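Just so it is clear, none of the values below were taken in a lab; they were calculated from the coordinates. Values in this document were obtained by computation on a predicted structure and should not be read as measured data. In this analysis, Cβ positions are derived from the backbone assuming ideal geometry, glycine residues included, and neighbour counts consider all displayed protein chains.
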Amino acid sequence: MDTGSQAISAAADFWYLHSTYNSRAKCEDAAQLYLWPNNPGGADDYECRSDGGRWGLWLGFLS
């Protein structure tokens, strides 16, 4: 699996598939909108996972 994960991905307690994109760059750009501190109460981490030519934006949350 190819991901665009940040360093804390192994520590995230909960992952949520938010949406899919046509490219990894679009997925990573979109992720920035949902990350804390850009979005108070937002995700702590993200991964862009390749799946059949599309990229799934997975948001990670610490408990």
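Per-peptide packing, taken as the mean over residues of other Cβ atoms within 10 Å, places 30-42, 47-59 in the sequence 47-59, 30-42 from highest down. Under 5 Å from the amide H of D45 lie the amide H atoms of G60, each residue being 5 or more positions distant or on a separate chain, with H modelled from the backbone and absent for Pro and chain starts. Under the simplified labelling scheme, the K26-S63 pair shows an inter-label distance of 3.5 nm, with each label point 7 Å from Cα along Cα→Cβ.
Give me the number: length gained by fully extending W15 to L33, i.e. 0.36 nm times residue separation minus the C-alpha to C-alpha distance, one decimal in nm. Provide the component values of the computation, followed by the final result.
Values: separation 18, 0.36 × 18 = 6.48 nm, distance 1.64 nm.
Here the segment from W15 to L33 would lengthen by 4.8 nm.
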